[in-house]
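Okay, structure first, notes after.
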Amino acid sequence: MKKTIVSILSLFTIFIAHAQSIDQIINATEVKRIEEVLAADDMQGRRAFTAGIDKASAFIEAEFKQTGLQPFNGAANYRQEFFMHHATTVSSKIIIDGKIIPDSVTASFSYQPTVALTEKSDVEIVKISATDKFGPKFFQCYQSKKNLLVLVDSSFKIRLQNIQQINKMAADPGTNTVVFVFGITEAATFSIGLTNTIEKKPLNNVVGVLPGKSKPGEYVVFSAHYDHLGVGSPAEGVPHGDKDSIFNGANDDAAGTTAVIMLARYFKKLNNNERTIIFTTFVAEELGGFGSQYFSKQLLPEKVIALFNIEMIGTESKWGTNSAYITGFEKSDMGKIMQKNLKGSAFSFHADPYPEQQLFYRSDNATLARLGVPAHTLSTSKMDNEPNYHTASDEIGTLDMVNMAAIIKAIAISSSSIINGKDTPSRVDTNQLK
């Protein structure tokens, strides 16, 4: 009986020490410190290819260095660098059946300095009819490796502006050209003439590693994107120079980046992870997920046991405080493992309540999920009514720092059995993904 009492007291002491340790590292004061840097006006909205994103990267690198993380895969520093090719159309002349088509009803995608195609060239004509589902058909054409002239039914004209605003950017640009023309249904003869300027621009993720004890070749990833929208642009409805034209992105996604930095500190302090933990902040999520796409090619997907992507946790969820949701909950059992590890606590993780929003496919988790990795996004954002989403009002004053700290603690605790090697989430069935 005496030994049993001693054992219970020992366990209780360990539990109290653990609670004190996590509170010392993950707390509202520390959340605010990091957020005040990342979401400050002098970061200029952290848009990719700006001085602001470089400044944000330097800050995250310094945090990783102070924490004592190792660079990824023997790199000299924490910057995982890659290049993007950016195309700007200087001139466009498209003629279909003898009629000059105005630029206002076209959108072209090409990474060739000059393009000259006719019906006699190797060009396939594709039609998007009124009865088609526009989204899947558009992306099928957009991602094609062939030369395409895509004739789009006029009923989809409402989509044209968004398509014209897509950044013409690629990590591995092809040699093909894809041209969308709205309101034209037939093309017996045509000519496509384009002149583009092509720029090669550098970007970088920030990646730090905490090697595993007994399973160093198995990886658990904590991620967030550190880029945002920059200074106001017509696409966001805020002109440059407006009295508040900076899109600070305090919630989207300085909040997730803050969580990654704090989780790195916490797990480094514990120093008992059996699996290797990779902490990464992705660049260019807002431009199309290019940072996570590059990251996914740097390691074997079967070695990635789980990815916890953290996106917009700065506001209360629809269930109030001490709660968040997991996108794609049904696609692996990672969410159930997290719920099990939080059983008896005040915090609860839920399945994504906004399935119609397709959130599982709209953040950086999707890239690795498509490779079979149990990769899910954790969020609290009320996506059916989030007033500050992608607006200049997404500022630090809108965040609940205390609740953010509680969410980050919950992520740390709920991931513990995966990190220590006791639980291995089921893989995502790639055959069931879009």
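The values are calculated or read from the model by the stated rules, or taken from the named source; none is laboratory data. None of these values were measured; they are calculated from a predicted model. Cβ: placed from backbone, ideal geometry, glycine included. Neighbour counts: every protein chain shown.
So here's what we get for this one:
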item: ARG46 of a type outside the set (Asp, Glu) and touching a His at 6+ places or on another chain (Cβ under 7 Å); result: yes
item: Residue in region 279-303 that is surrounded by the fewest Cβ atoms within 10 Å (Cβ to Cβ), counting only those that are outside any helix (DSSP H, G or I) and touching a Leu at 6+ places or on another chain (Cβ under 8 Å); result: GLU286
item: Residue identified as of a type outside the set (Lys, Arg), in contact (Cβ under 8 Å) with a residue 40 or more places away in the chain and within 19 Å of PHE282 (Cβ to Cβ) among ASN420, ASN388, ASN365, ASN403; result: ASN365
item: Residues within region 150-177 that are in a strand (DSSP E or B) and either under 26 Å from the mean Cα position of the chain (by Cα) or surrounded by fewer than 16 Cβ atoms within 10 Å (Cβ to Cβ) (or both), tallied; result: 2
item: Identity of the residue in region 188-232, touching a His at 6+ places or on another chain (Cβ under 7 Å) and assigned to a strand (DSSP E or B), that ends up nearest to ASN273 (Cα to Cα); result: LYS201
item: Index of the failed condition, ASN167 passing every other in (1) in contact with a helix residue (DSSP H, G or I) (Cβ under 8 Å, 6 or more places away or on another chain); (2) within 28 Å of PHE290 (Cα to Cα); result: (1)
item: Search result, residues across region 59-107 that are free of Cβ contacts under 8 Å to residues at least 24 places away in the same chain, in contact with a helix residue (DSSP H, G or I) (Cβ under 8 Å, 6 or more places away or on another chain) and not in a helix (DSSP H, G or I); result: ASN77
item: Qualifying positions in region 108-124 - among the polar types (S, T, N, Q), outside any loop (DSSP other than H, G, I, E, B) and within 17 Å of ILE96 (Cβ to Cβ); result: SER108, THR118
item: All strands (runs of 3 or more DSSP E) inside region 315-434 with 1 or more residues being farther than 26 Å from ASN273 by Cα and hydrophobic (A, V, I, L, M, F, W, C); result: 348-351
item: Selected residue [at pLDDT 95 or above and either within 15 Å of the chain's Cα centre (by Cα) or surrounded by 15 or more Cβ atoms within 10 Å (Cβ to Cβ) (or both)] from LYS340, LYS331; result: LYS331
item: Residue within region 105-112 that is over 30 Å from VAL207 (Cβ atoms), of a type outside the set (A, V, I, L, M, F, W, C) and exposed (fewer than 13 other Cβ atoms within 10 Å of the Cβ) present; result: no
item: Residue tally, condition part of a loop (DSSP other than H, G, I, E, B) and in contact with a helix residue (DSSP H, G or I) (Cβ under 6 Å, 6 or more places away or on another chain), over region 130-149; result: 1
item: In region 13-46, residue nearest to TYR266 (Cα to Cα) [restricted to those that are at pLDDT 95 or above and of a type in the set (D, E, K, R)]; result: GLU30
item: Checklist (1) assigned to a strand (DSSP E or B); (2) in the same structural domain as LYS55 (by TED's automatic domain parsing) applied to LYS127, failing item; result: (2)
item: Selection count where residues are part of a helix (DSSP H, G or I) and either on the phi > 0 side of the Ramachandran plot or of a type in the set (D, E, K, R) (or both), scope region 18-58; result: 13
